[in-house]
1. If I stretch the segment between D177 and A57 completely, what's the gain in nm (0.36 nm per residue apart, minus their alpha carbon distance), one decimal?
2. Using Cβ contacts closer than 10 Å as the measure, can you line up M73, M394 from fewest to most?
3. Given H placed on each backbone N at 1.01 Å, which residues far from G323 in sequence or on other chains put an amide H within less than 5 Å of it?
4. Of H312, H86, how do they rank once you tally other Cβ atoms within 10 Å and put the fewest first?
5. Please compute the Kirkwood hydrodynamic radius over the range 149-223, one decimal place, Å, based on all pairs of different Cα atoms.
6. At 7 Å along the Cα-to-beta-carbon direction for both R127 and H161, put a label point, then send me their distance in nm to one decimal.
7. If Lys and Arg each add +1 and Asp and Glu each add -1, what is the summed charge of the other residues whose beta carbon sits under 14 Å from the beta carbon of L386?
8. Report the FRET efficiency, 1/(1 + (r/R0)^6), for E148 and D280, where r is their Cβ-Cβ distance and R0 is 45 Å, rounded to 0.05.
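Nothing in this text is a laboratory measurement; each read-out follows from the coordinates by a stated rule. Remember, predicted model here, so these are calculated numbers, not experimental data. When we count neighbours, we look across all protein chains shown, and the Cβ atoms used for this are built from the backbone with ideal geometry, even at glycine.
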Amino acid sequence: MISNQTASPISKLQTSSAINCTGMSETGRPFNEKRARKQFRELRRRINRASKKGNHAEAERLTRMFLKSVNCMRVTALDVWKGRKHHQRPKLTELMKLADNIDLWKPCAEEVWVKYIEKEGKNQDHRPIMVFGLENRIRQVHVRNVLEPQARLLPCQYVMHGGVPAAMKALRQHYLDGYRYLVELDIANCFSNLKGEGVYKILPLAEEVTRNTVMSTNLNLHTSDITSWILGELEDEVPLEDAFQPEDLSAIRWGIPQGSCAAPLCAEMVIRDIIEKLPDLGKLVNFADTFQIACKEANAAKAILSALWTAHACHPAGLLTPGFWHIHKPGETFDFLGYTITPRNNGYLKFDLGPRSRNKIERRLQWVRGALKDDDLSSTDKAAILTNCAYYLMSLRRAFPLWRGGDYALMKLFSILEDWASDHDLEIELPTIKKKRKEFF
């Protein structure tokens, strides 16, 4: 039986003809996106209000209601669906059916791939990164949606407070204010060292939800060889058969999986206890498991570094030990959050692209140069490779908006691709570089 109410504008999500979603909502009516989003926002608002008042019983009840709500789960699924590439989007009817069958209190049977990315530094160590599918992404985003109203993060924690640009802006202001001694510290294997018992007490979630959605304990890890269409041929991973053995599964199943949508927020909620125990001797910038503390004196920097070691050692969520740490003197160049930062004489900071991203560009260009020499590839394939490389460089530029001279570097890289195309008599399509935007600072 068809309802008299107007259906929600799901067709706006489609690039082709409209598709009616015939799934039923909790009230028995056809799913209405507008009504579902209103319920979604209202529940988050009530959770936030109950959490602020300290009414933990009410917040827990509303959290359970939100996580079990079919409408809220469908809204999350639609948001995840819209964030995926077009060829990765299933039909809306299949998406709604998948969302209706998700139970956060039970483990997910979807396969999770593992790849290794080389860490920055001299030890040449590698960190395992999980590659999740659609169902796991929906579960993680849904948990993140219910944690955000309850996360009482500090202003110096920037995963929820503006991201990397806001963190860089704060660091620049601290440096201008005379805080020139910088204490850089990274927690060694932070995500994998978090114990379940401690995380259960910190996160305002049911223990079953934390275990089956946030932690990596019950993930269906896939240890077979990963095909190139999943990882890409130019990622800095180690071949799985060389770096990953079945006996290593126990180590990967500890803690919060890297690559999860909920991991950065959960990490900052856990790390908040560390920040609250630090003495007020400087200005702190925290992003997930990375710290940058600006001080005016060298003695203050040493005192904060000692306090950080103590706070990490006695954390209830696990044995968190600082990995890389360094005290940068005034005027010293340093790397932070993918940027290479150089202080200028006038106190301003210059932001350049970090070494890891530069290596990615070099490897991509080397691979493209080798592909152009391959006689087995047709002219159409070679032109497509050049075009895809250009769009990859454009996406990298957008990922680092503070990169000084990034547009000029992008133009030089595009000219190299055009020269290669002319040498092989190829016609390529390059993305247009917009006029120079107003600088971030």
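1. Numbers: separation 120, 0.36 × 120 = 43.20 nm, distance 4.38 nm.
Extra length available between D177 and A57 comes to 38.8 nm.
2. Values: M73 26, M394 17.
Fewest-to-most Cβ neighbours within 10 Å comes out as M394, M73.
3. Residues meeting the amide H criterion: D186, I187, A188.
4. Details: H312 21, H86 6.
By the 10 Å Cβ count, ascending, the order reads H86, H312.
5. 15.6
6. 2.2
7. Counting the neighbours of L386, the net charge comes to -4.
8. So the FRET efficiency works out to roughly 0.95.
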